[in-house]
Amino acid sequence: MKSIGENEQLVNIVFRDFTLLSSNLYKFDVENNDTEGLMIRLHFRLLYSGVNNTVMLRFSGIREYSFYYHHRGNFYNVERYKLLKMKDGFYISLDPFDETGIVSPQDQDFILCEKIEGFLVNEAH
């Protein structure tokens, strides 16, 4: 794995170089360990990246998260998303109600956290 940035720097990089639009979320890990507490890792296959097509975002300092899945739906194509720097952390929604730069109570599939890190991943698919 190679780091591509963290926190505010990562938010800018994701919009500029590694857009999640039309990506496929193929792996979702939730881990609770003694040193870092609750941590979530989202693994994406990117459609529009010429640099690397697999990115992992690691969220720590989790304040809240909610994801829904039903077997009759697709897991998981990203058609639009929000990735925001908040006053005291970061927010991502993979099923936002709208595309404004604010959190909506109607956003779905979201994570609210204190820290976000991004990595290029070389995995066999």
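The values are calculated or read from the model by the stated rules, or taken from the named source; none is laboratory data. Keep in mind that what you see is a predicted model, and the values were worked out from it rather than measured. For neighbour counting, all protein chains shown are included, and Cβ atoms are generated from backbone atoms with ideal geometry for every residue, glycine included.
A single entry from ARG63, ARG16 fulfils the requirement of being in contact with a strand residue (DSSP E or B) (Cβ under 7 Å, 6 or more places away or on another chain) and under 17 Å from GLU117 (Cα atoms): ARG63. In the stretch 92-114, the residue that is surrounded by the most Cβ atoms within 10 Å (Cβ to Cβ) out of those that are assigned to a loop (DSSP other than H, G, I, E, B) and among the aliphatic types (A, V, I, L, M) is VAL103.
With respect to LEU42, determine if the residue is modelled with pLDDT of 95 or more and buried (at least 16 other Cβ atoms within 10 Å of the Cβ). It is true that LEU42 is modelled with pLDDT of 95 or more and buried (at least 16 other Cβ atoms within 10 Å of the Cβ).
Can you find, within the stretch 57-84, the residue that is nearest to the chain's Cα centre (by Cα) among those that are closer than 17 Å to PHE18 by Cα and basic (Lys, Arg)? My answer is ARG58.
Residue-wise test of (1) surrounded by fewer than 19 Cβ atoms within 10 Å (Cβ to Cβ); (2) touching a strand residue (DSSP E or B) at 6+ places or on another chain (Cβ under 8 Å); (3) outside any loop (DSSP other than H, G, I, E, B).
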residue	(1), (2), (3)
PHE28	yes, yes, yes
LEU38	yes, yes, yes
MET56	yes, yes, yes
HIS71	yes, no, no
PHE90	no, yes, yes
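Take the conditions (1) on the phi < 0 side of the Ramachandran plot; (2) modelled with pLDDT under 90; SER22 misses just one of them, which is (1).
From the list SER93, SER104, the one residue that fits, being within 27 Å of GLY37 (Cα to Cα) and within 12 Å of the chain's Cα centre (by Cα), is SER93. In the stretch 52-70, the residues that are of a type in the set (Asp, Glu) reach residues that are part of a strand (DSSP E or B) with C-beta atoms within less than 6 angstrom, at least six apart or across chains, in these pairs: GLU64/LEU112. The listed residues are ILE13, ILE40, and the only one of them that is in contact (Cβ under 8 Å) with a residue 40 or more places away in the chain, β-branched (Val, Ile, Thr) and farther than 15 Å from TYR81 by Cα turns out to be ILE40.
Might you check whether a residue that is of a type in the set (S, T, N, Q) and touching a residue at least 40 places away in the same chain (Cβ under 8 Å) occurs anywhere in the stretch 91-107?
Scanning the stretch 91-107, I find no residue that is of a type in the set (S, T, N, Q) and touching a residue at least 40 places away in the same chain (Cβ under 8 Å), so the answer is no.
Restricting attention to the stretch 1-26, the residues being under 15 Å from the mean Cα position of the chain (by Cα) and assigned to a strand (DSSP E or B) number 7.
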